[in-house]
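The values are calculated or read from the model by the stated rules, or taken from the named source; none is laboratory data. Only a predicted model underlies this, so the values are computations on that prediction, with no experimental measurement involved. Note that we place each Cβ from the backbone using ideal geometry, even for glycine, and neighbour counts take in every protein chain shown. Ligands, DNA and RNA are excluded from the accessible area calculation, which covers all protein heavy atoms including side chains. Shrake-Rupley method; radii C 1.70, N 1.55, O 1.52, S 1.80 Å.
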2 protein chains.
Amino acid sequence: MLTQNKKQIDWKPIIKKFEAALGKNGVVKTREELITYECDGLTSYRQRPALVVLPRTTEQVAAAVKICNQYSVPFIARGSGTGLSGGALPSEDSVLIVTSLMRQILKIDLENQQAIVQPGVINSWVTQAVSGAGFYYAPDPSSQIICSIGGNIAENSGGVHCLKYGVTTNHVLGLKLVLPDGEIVDVGGQIPETPGYDLTGVFVGSEGTLGIATEITLRILKSAESICVLLADFTSVEAAAASVSDIISAGIIPGGMEMMDNISINAVEDVVATNCYPRDATAILLVEIDGLEVEVAVNKQRIAEICLKNGARNITTANDLETRLKLWKGRKAAFAAAGHLSPDYYVQDGVIPRTQLPYVLQEIESLSQKYGYTIANVFHAGDGNLHPLILFDNSVSGELEKVEELGGEILKLCVKVGGSISGEHGIGADKKCYMPDMFSEADLETMQWVRQVFNPQGLANPGKIFPTPRTCGEAANAANIKQFAGVEKF
Amino acid sequence: MLTQNKKQIDWKPIIKKFEAALGKNGVVKTREELITYECDGLTSYRQRPALVVLPRTTEQVAAAVKICNQYSVPFIARGSGTGLSGGALPSEDSVLIVTSLMRQILKIDLENQQAIVQPGVINSWVTQAVSGAGFYYAPDPSSQIICSIGGNIAENSGGVHCLKYGVTTNHVLGLKLVLPDGEIVDVGGQIPETPGYDLTGVFVGSEGTLGIATEITLRILKSAESICVLLADFTSVEAAAASVSDIISAGIIPGGMEMMDNISINAVEDVVATNCYPRDATAILLVEIDGLEVEVAVNKQRIAEICLKNGARNITTANDLETRLKLWKGRKAAFAAAGHLSPDYYVQDGVIPRTQLPYVLQEIESLSQKYGYTIANVFHAGDGNLHPLILFDNSVSGELEKVEELGGEILKLCVKVGGSISGEHGIGADKKCYMPDMFSEADLETMQWVRQVFNPQGLANPGKIFPTPRTCGEAANAANIKQFAGVEKF
């Protein structure tokens, strides 16, 4: 019924407008070319957009958004499309505004430790551009050699070094934005705290629902004088988790502190053969210590002692770049290696208070047995950001649904112990159904006030972050479905 | 005309409602008692509130806000009333909701490094409550022994240690809020980053215009192993400023880095006689270095070398608590000491990029000469947060207006060099006229969308942050005044 009644959009005049505003090269419209844009890193959700447009400037982004407004078609911003929560998933009859032609680093100001970049700039390019002068950009998602700064802003991305240095929002000073109605505004500025409401903070992590960032002022940091990587191996998860807690309790905040379990260790040794990770260890900790040379030396010693006290079997440390990279190699390859263990894997992203690590890992193990799927654990232990990898075979009908259910159980577990349903991947299309597990109706309504006021027509990335009855399976009740359909139709 | 037409509010039924909700002791209504609440730390603006109410719980705050809504009377939240921008200035016929009976520390969780407090809790009490276990709360405004956490949230307060540790917003994990319509919601949580829009970030620094925080989850930090204070004295401001830049450029972020000029030095030596600050120095730098003992030792050496290279005459350092406090004593007493130099002083709060320090201080000197007022400079040099103290005599008619004009010139100078009109005191009633110097009309409008959606009736702290034609002297034009009066009347 719904489909039959749906108004057919006449795309011809819309395409003409886009071509006039962005040039013919700025509009992708053939079915074949559009396939690429059906999904982002969350490949289990797919929807082909009606059009893809490729602006080069703030003004072109504003023009594209205005055309979408004129024809009331939804638009979704997309960077490199590496997001894992479906934040850049197109909706039906939508226009994808892709920033891959906006890849200029507009300004580097070393004296004031900042850089202004376009949203399509690749994360690692920022560090590359300033490393010669001894600086770097701290947030480092695993996908950093391909993901875009704009996408990082949308999802408030994290990474290994976020334990000490914070996630993306802590490194964004100001933004030039195209709002959902096409207006161009500036929020924040060139200094860390500007007066008035912190709209920069609201925008970072808003997953494209409040507009599109077209110029981003990033904070860059001075590189540490010295870096050391320490690998400790344990025969129990509890001992590794206790070491993490004790390191933080001792007042040490390492640059990064990662944990891998036995399944992950063996997966990476099978695939990339670091020959550094003991295959019989129940868990390993990888700790990066940065700072002054003397500071690193003292902290290395203290961390080693804490790990040994908690029962670590061996401690390996690396100061030179080559050995450090070797120690990190397995961790960096962990997701890819999991892909070799089974035809498919589902990566979850949840946060728990650090003190709950042993309990939560035990519960995940119980869930793994209950559902009958192997789960590999690779995660940012220091900040309690878990990434369980559920191994399965997507070609078997019904498996994905079961795995998603298991993933949901893990998220509920995170919330139960006082944590969160997302650490760094965002909510997107994937996790919106779990928002009510974490927030009350009033809390969610308050957030949606903000969405409503910025995005009153609902054209900017619809169907993301906030649960809707239809998509969350809550509306078994026919009355609800009817009401929702009604709202959409008229 | 306006006054004659104004509707008289019948306060009797309103008082009855408040007394029923908060008890008779929870309502202050006599003229004599209300005098205390006429102004906050910005004493040049005064307005007696109609009533003061003193809730003890979240529910009582919500009840008070709902009564205000029922009778459409404005309400203003107030903590200790130490704010310097008039953020807690009552408006006419308003109710002040004072949090001074909400002074409980509700929970301390050392393992997860957080504390939950009521808004009336005094800033320094948080550190006192956790210091025995080796922790502290980082934001430390000068008024920390009297100002409240709720007020700190409202103004996003800073302090000496914010160079390294960030301002209030970096230390708030979650909030229980009473929204302007009396609804109770939770934003943020017990972990650093929660999904959805960052409403915690928007609320911190919103100066009471988006509601009232009634439970605040603060991040507490582990105390540093070692602290050292270094005093360097200079014969030129340029040399002191160059040292600040060079220290940061060397990759050192001291716990705090303060500068005082010759006028301030002599004022504090006259009043508190530290006998540490050389009276003939043009400027002194006070640098606090914290961290591991070895780290502090190395950084002390490096900072001393940088200062000497830039022409410092002497370097004094203190490691023990007593001598450290002695070195800080003058800085902490600087504002009070300025009060001894002249009958009154006006303290300004602006931010500039660190690299502009020498130029801006020279320009302030020119403005001082042009207007004929002495200006003492005491400020957070590390983060470019200036606090020029303009010395004057408020009993001389017309002086305050001239001083405010001079203060405005200093703010415009800050904006001109890429800085901000407020570093840590907020905008309040005092600086709203300068917001258009810093933000475009579209930028300000976007912020006001947020205000509008949270505070549609405009009852929560009206007349703060955003400029209005009437109060900003922009409406020399009679038509404008008429229009504004009309909006207010009907």
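Does any residue in the stretch B:245-274 that is over 30 Å from A:Ala133 (Cβ atoms) and open to solvent by less than 10 Å² (accessible area, probe 1.4 Å) come within less than 6 Å, Cβ to Cβ, of a residue that is at pLDDT below 95 and in a loop (DSSP other than H, G, I, E, B) six or more places away or on a different chain, and which pairs are these?
Listed pairs, sorted by first residue: B:Val268/B:Ala333.
Could you identify the single residue in A:Leu386, A:Leu406, A:Leu400 that is within 21 Å of B:Pro192 (Cβ to Cβ) and aliphatic (A, V, I, L, M)? I'd like the intermediate steps shown before the answer.
Values: A:Leu406 fails: within 21 Å of B:Pro192 (Cβ to Cβ); A:Leu400 fails: within 21 Å of B:Pro192 (Cβ to Cβ).
Only one candidate qualifies: A:Leu386.
For B:Val52, all conditions in the list (1) of a type outside the set (D, E, K, R); (2) closer than 23 Å to B:Leu210 by Cα; (3) touching a residue at least 60 places away in the same chain (Cβ under 8 Å) hold save one; what is the number of the exception?
Of the numbered conditions (1) of a type outside the set (D, E, K, R); (2) closer than 23 Å to B:Leu210 by Cα; (3) touching a residue at least 60 places away in the same chain (Cβ under 8 Å), the odd one out for B:Val52 is (3).
Hey, among the residues in the stretch A:286-303 that are among the acidic types (Asp, Glu) and touching a Gly at 6+ places or on another chain (Cβ under 9 Å), which one's nearest to the other protein chains (Cβ to nearest Cβ)?
Ranking the qualifying residues of the stretch A:286-303, first place goes to A:Glu295.
Hey, can you tell me all the residues within the stretch A:325-353 that are under 20 Å from the mean Cα position of the chain (by Cα) and either within 14 Å of another protein chain (Cβ to nearest Cβ) or not in a helix (DSSP H, G or I) (or both)?
Result: A:Ala333, A:Asp344, A:Tyr345, A:Tyr346, A:Val347, A:Gln348, A:Asp349, A:Gly350, A:Val351, A:Ile352, A:Pro353.
State which residue pairs qualify: first residue farther than 15 Å from B:Thr214 by Cα and within 13 Å of chain A (Cβ to nearest Cβ) and inside the stretch B:145-163, second residue aliphatic (A, V, I, L, M) and surrounded by fewer than 24 Cβ atoms within 10 Å (Cβ to Cβ) in any location, beta carbons under 7 Å apart, and separation of 6 or more residues or different chains.
Pairs that qualify, where the first residue is farther than 15 Å from B:Thr214 by Cα and within 13 Å of chain A (Cβ to nearest Cβ) and the partner is aliphatic (A, V, I, L, M) and surrounded by fewer than 24 Cβ atoms within 10 Å (Cβ to Cβ), are B:Leu163/B:Ile253.
Is the stretch A:393-400 home to any residue that is open to solvent by 10 Å² or more (accessible area, probe 1.4 Å), outside any loop (DSSP other than H, G, I, E, B) and either at pLDDT below 95 or outside the structural domain of A:Ser85 (by the TED database) (or both)? It would help to see each step written out before you state the result.
Here is the first cut: in the stretch A:393-400, the residues open to solvent by 10 Å² or more (accessible area, probe 1.4 Å) are A:393-400.
In the following step, the residues that additionally are outside any loop (DSSP other than H, G, I, E, B) were identified as A:399-400.
Within this subset, residues satisfying the condition of being either at pLDDT below 95 or outside the structural domain of A:Ser85 (by the TED database) (or both) are A:399-400.
Looking for residues that are open to solvent by 10 Å² or more (accessible area, probe 1.4 Å), outside any loop (DSSP other than H, G, I, E, B) and either at pLDDT below 95 or outside the structural domain of A:Ser85 (by the TED database) (or both), one finds at least one in the stretch A:393-400, hence yes.
Mind telling me which of the residues B:Thr200, B:Thr194 ends up being facing chain A (nearest Cβ under 9 Å), outside any loop (DSSP other than H, G, I, E, B) and closer than 29 Å to A:Gly382 by Cα? Reasoning before the result, please.
Details: B:Thr194 fails: outside any loop (DSSP other than H, G, I, E, B).
None of the others qualify; the one that does is B:Thr200.
The conditions are (1) at pLDDT below 95; (2) away from every other protein chain (no Cβ under 14 Å), and A:Glu269 fails exactly one of them. Which is it?
(1)
Within the stretch B:75-98, can one find any residue that is within 20 Å of B:Pro180 (Cβ to Cβ) and of a type in the set (S, T, N, Q)?
Initial filter on the stretch B:75-98 (within 20 Å of B:Pro180 (Cβ to Cβ)): B:75-79, B:83, B:86-98.
Subsequent filtering for residues that are of a type in the set (S, T, N, Q) retains B:91, B:94.
Checked against the condition, which is being within 20 Å of B:Pro180 (Cβ to Cβ) and of a type in the set (S, T, N, Q), the stretch B:75-98 yields at least one hit.
Name the single residue that is surrounded by the most Cβ atoms within 10 Å (Cβ to Cβ) among those in the stretch B:294-321 being within 23 Å of A:Val298 (Cα to Cα) and among the basic types (Lys, Arg).
The selected residue is B:Lys300.
Determine if the stretch B:242-259 includes at least one residue that is away from chain A (no Cβ under 14 Å) and over 28 Å from A:Gly291 (Cβ atoms).
no
Is there any pair linking a residue in the stretch B:363-378 that is assigned to a strand (DSSP E or B) to one that is open to solvent by 20 Å² or more (accessible area, probe 1.4 Å) and of a type in the set (Ser, Thr, Tyr), with Cβ under 8 Å and at least six apart or on different chains, and which?
B:Ala376/B:Tyr345
Please indicate, with yes or no, whether at least one residue in the stretch B:408-430 is more than 24 Å from B:Gln362 (Cβ to Cβ), in contact with a Leu (Cβ under 6 Å, 6 or more places away or on another chain), open to solvent by 10 Å² or more (accessible area, probe 1.4 Å) and facing chain A (nearest Cβ under 10 Å).
Checked the stretch B:408-430: no residue is more than 24 Å from B:Gln362 (Cβ to Cβ), in contact with a Leu (Cβ under 6 Å, 6 or more places away or on another chain), open to solvent by 10 Å² or more (accessible area, probe 1.4 Å) and facing chain A (nearest Cβ under 10 Å).
Mind listing just one residue for me: the one in the stretch A:205-224 that is away from chain B (no Cβ under 12 Å) and not in a loop (DSSP other than H, G, I, E, B) and, of those, surrounded by the fewest Cβ atoms within 10 Å (Cβ to Cβ)?
By that ranking, first place goes to A:Glu215.
Go through the stretch B:167-191 residue by residue and tally those that are facing chain A (nearest Cβ under 9 Å) and either surrounded by fewer than 24 Cβ atoms within 10 Å (Cβ to Cβ) or touching a residue at least 40 places away in the same chain (Cβ under 8 Å) (or both).
Let us first name the residues in the stretch B:167-191 that are facing chain A (nearest Cβ under 9 Å), namely B:167, B:169-170, B:177, B:179, B:183-187, B:189-191.
Imposing the further condition that a residue be either surrounded by fewer than 24 Cβ atoms within 10 Å (Cβ to Cβ) or touching a residue at least 40 places away in the same chain (Cβ under 8 Å) (or both) reduces the set to B:167, B:169-170, B:179, B:183-186, B:189-191.
Qualifying residue count, the stretch B:167-191: 11.
Would you be able to say whether some residue in the stretch B:73-91 is exposed (fewer than 15 other Cβ atoms within 10 Å of the Cβ) and of a type outside the set (Lys, Arg)? Let's see the steps before the verdict.
So in the stretch B:73-91, the residues exposed (fewer than 15 other Cβ atoms within 10 Å of the Cβ) come out as none.
No; the residues of the stretch B:73-91 include none that is exposed (fewer than 15 other Cβ atoms within 10 Å of the Cβ) and of a type outside the set (Lys, Arg).
Restricting to the stretch A:239-282, name every residue that is closer than 26 Å to B:Ile220 by Cβ and assigned to a helix (DSSP H, G or I). It would help to see each step written out before you state the result.
If we filter the stretch A:239-282 for residues that are closer than 26 Å to B:Ile220 by Cβ, which is where we start, we get A:240-259.
The answer is A:Ala240, A:Ala241, A:Ala242, A:Ser243, A:Val244, A:Ser245, A:Asp246, A:Ile247, A:Ile248, A:Ser249.
Taking B:Ile265 as the residue in question, decide whether it is among the β-branched types (Val, Ile, Thr) and closer than 26 Å to B:Val294 by Cβ.
On the way: among the β-branched types (Val, Ile, Thr): yes; closer than 26 Å to B:Val294 by Cβ: no.
No, not satisfied.
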